[in-house]
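Peer 1: One structure, as structure tokens, below. Some questions next.
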Amino acid sequence: MIHNFSRGGGVASCGVTREGFVRFFFSLVLLLCLCVSFVMPVWSAPLKLGSDLPYETYEDIAGDLTRDTVLPLLQAEADTYTSVTVSRGYTRSVYWFSFELPASAFTSGERWMEMHPTFLDDVQIFYRPLNQAGAWQLWQSGDTHPGPAGNLDYRFPLFKVPASEAGYEFLLRVASSSALMLQLTFWEPNEFTPQAIRATNKWSIYFGVALLSSLIALSLAITLRSRLLWSVTAMSATYGLVACVQGYIAWLLPARGLLIQHYLTGVFTLLSYAAVIWLTAEALALRKRMPRIYRAMLASSGAIALLVFSVPLGFYGEAFRCMIVLYLLVGFFSLGLGLYLWWHDRPSSVPLLVGASPLFCILISLAGVGTVLGFLEYRKEIYVLWQAALLENMLLVPWLAIIQVRKRRQQALEKAGLAHDLRVEREARFHQRQFMGMVAHEFRTPLAVITASLENMRLADTSAESQSRRHRRIERATERLVQLTDNCLADSRLDAQSLIIAPEPTRLAELLSSAASLVHLSDHHHWVLTFEGEEVTDLSDIEAVANVDPALMRIALSNVIDNAVKYSPKGAIVVELRREDSAWLVSIADSGNGIAAALTPHIFERYRQASQSGQNAGGVGLGLFVARQIAQAHGGSLKLADNSNAGCRFVFIFPDLWGREL
């Protein structure tokens with residue numbers, strides 16, 4: 001089912017890591033604890049209309065009956081209910097209710113009558129002592145009533161019922177432009193106060209978490225510009241509806257709070273249903289998967305949202321009925337579509353939870369719709385589950401925040417990695433083009449030397465000394481060509497990751513002498529070999545053997561020695577050989593001007609020439625790169641040990657696991 005956390009998209013389809021599973025587990029524990037706090041029964045046992053106090057009801061369709069004219073009708077034609085909470089759905093009819101509060105209810109003194117919900121327009125409560133033809137007392141309440149909602153200050157209408165040895169007869173007239181539901185509860189004062197404190201504390205936590213969740217969703221929606229997070233933010237309208245139903249708006253705004261609460265209840269109701277449809281469309285990622293259905297659901301959500309204008313215009317009931325028809329169609333279709341997508345895609349836990357969240361809200365809201373329309377009997381459990389769905393939405397916001405932040409961080413890292421790889425690739429292509437030009441130049445130079453020397457030897461009658469000098473030039477040029485060819489071949493093998501080491505016992509003194517052939521051919525340089533700190537004059541005295549690939553190791557050593565010759569105008573090239581624990585160390589030092597500090601980080605990069613102090617001695621930029629790769633292939637290393645104006649010193653270290661000193 002679902003999804004891709006993209007700009008304006010849905011949720012990323014991803015597996016749950018151990019860390020994510022732990023967060024998910026503790027989130028479920030928190031949700032369970034909050035749900036338990038909502039369904040946990042109070043310790044007291046108040047009397048309730050319907051379950052404890054049977055009542056009779058009469059529908060006044062015209063709404064023109066009075067107290068005195070309705071009493072005979074109640075006695076003759078009324079319907080009697082014994083255990084059903086009052087729920088008549090959306091109706092323009094006025095309803096009359098009659099019931100008795102027996103004398104046994106006042107054994108501990110007076111009772112406090114709590115009335116809710118808060119969205120009843122007008123409620124008139126008549127009461128008098130039971131079985132007495134005395135005068136009726138009147139209390140008035142309701143959203144449109146200009147006076148106080150009760151004679152005690154509380155978020156729900158609350159009235160003091162004086163103690164009576166006879167009990168009371170009650171007659172209620174109820175009119176509402178919203179759903180006509182009525183719950184009356186008669187408390188003993190010492191029981192009411194503790195439960196009211198617990199309920200207030202519970203709702204304070206609830207609305208605090210709701211506010212924090214809404215702010216997080218809003219900030220993330222603005223920052224990340226995700227349609228899913230905007231739809232989650234729109235679900236905050238349900239918290240406003242809960243605040244109205246629980247009477248907090250009127251309680252916080254005592255002057256005009258009841259009327260404001262009256263209108264906001266209708267507004268938040270319509271916006272809540274619209275938000276659920278929008279959230280469903282986004283959570284199921286219908287915008288990418290089923291664009292036509294997505295547009296149809298957004299149109300349905302927008303049409304329901306536009307119905308809020310019916311609230312001030314006075315036809316909210318009719319608008320609600322239209323909304324219900326549309327919502328039932330969209331709701332059942334969404335449930336079926338969600339099941340189909342779940343069966344088809346089999347998503348992992350995170351996308352499944354995100355997709356199931358709005359579907360759970362739809363399922364519970366459909367049951368609530370059946371209740372307010374009077375099709376289903378009112379049950380508190382339905383509204384407990386509705387609160388659980390909203391709590392799940394609260395938990396969904398920080399979870400989405402974690403997923404979004406982690407995904408954005410991952411995308412940023414991937415973007416940075418791609419940018420780095422692209423930059424390296426561009427530099428490699430640039431240096432490769434330079435390399436091709438340098439290779440052509442470098443090959444041309446020794447070939448020109450060889451051609452010129454051979455031509456001079458053919459045409460000129462030269463002395464033995466001159467002829468020997470030309471031979472040395474040819475030999476140097478040939479050696480240079482061999483070295484360039486070896487480096488190019490080694491680089492191609494490294495680039496193809498096909499460098500194969502064929503180690504064999506090799507005499508290091510002879511290997512070093514062969515690698516220093518360019519020093520022997522130089523007119524201005526000479527080499528000095530030391531072994532364990534002592535200068536060597538006879539190579540046969542050095543019987544140091546290591547298990548290495550002689551051909552590759554000669555290329556590596558020759559590259560470093562050749563650099564020493566190129567970057568020092570004259571003088572000694574000092575090569576030191578010694579053992580360090582179980583490894584061999586070869587140090588090569590020159591007497592040049594050193595390497596500029598800014599170039600030292602790049603001297604081992606492919607196609608890079610780190611000209612010493614601005615010199616340009618030729619080359620293709622492969623020598624040190626190939627040398628280090630060969631050293632590492634032997635399990636060793638090559639590093640720049642010293643760098644100063646007096647010259648450079650490079651050090652080879654490679655383990656000698658099979659070597660021995662003869």
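Peer 1: Could you give the length gained on full extension between ILE500 and VAL424, defined as 0.36 nm per residue of separation minus the Cα-Cα distance, in nm?
Peer 2: Taking 0.36 nm per residue and subtracting the Cα distance, the gain is 24.8 nm.
Peer 1: Set the Förster radius R0 to 30 Å, insert the Cβ-Cβ distance between GLU110 and PHE315 as r into 1/(1 + (r/R0)^6), and round the FRET efficiency to 0.05.
Peer 2: Efficiency, from the Cβ-Cβ distance: 0.10.
Peer 1: Further question on the same structure: Could you work out the local net charge near LEU101, counting Lys and Arg as +1, Asp and Glu as -1, over the other residues with Cβ closer than 9 Å to its Cβ?
Peer 2: My count for the surroundings of LEU101 gives -1.
Peer 1: Here is a follow-up. Can you tell me which of 267-276, 361-370, 223-232 comes out highest on packing, and rank the rest after it, using the mean Cβ neighbours within 10 Å?
Peer 2: 267-276, 223-232, 361-370
Peer 1: Further, regarding this structure: Taking the Cβ of ASP642 as the centre, find all other residues whose Cβ is under 15 Å away and add up their charges (Lys, Arg: +1; Asp, Glu: -1).
Peer 2: 0
Peer 1: Run the numbers for GLU510 and LEU138: contour at 0.36 nm per residue of separation, minus the present Cα-Cα distance, in nm.
Peer 2: This chain segment gains 121.9 nm when fully extended.
Peer 1: Let me ask you something else. With N set to the number of residues, divide the alpha-carbon radius of gyration of region 47-187 by 2.2 N^0.38 Å and report two decimals.
Peer 2: 0.98
Peer 1: For TYR567, TYR340, what ranking results if the residue with the fewest other Cβ atoms within 10 Å of its Cβ goes first?
Peer 2: Taking fewest neighbouring Cβ atoms as first place, the list is TYR340, TYR567.
Peer 1: Something else: In nm, what is the difference between 0.36 nm times the number of residues separating ARG225 and GLU535 and their Cα-Cα distance?
Peer 2: 104.3 nm is the gain from fully extending ARG225 to GLU535.
Peer 1: Between LEU71 and PHE375, what's the calculated FRET efficiency when r is the beta-carbon distance and R0 is 35 Å? Round to 0.05.
Peer 2: After rounding to 0.05, the efficiency reads 0.70.
Peer 1: Modelled label-to-label distance, ALA598 and GLN410, 7 Å Cα→beta-carbon offset: nm?
Peer 2: Result for the modelled spin labels: 4.1 nm.
Peer 1: Between SER582 and ASN645, what's the calculated FRET efficiency when r is the beta-carbon distance and R0 is 25 Å? Round to 0.05.
Peer 2: Efficiency, from the Cβ-Cβ distance: 0.10.
Read-outs: derived from the displayed coordinates by stated rules, not from any lab. These figures come from a predicted structure and were not determined experimentally. Here the Cβ is made from the backbone with ideal geometry for all residues, glycine too, and neighbour counts use every protein chain on show.
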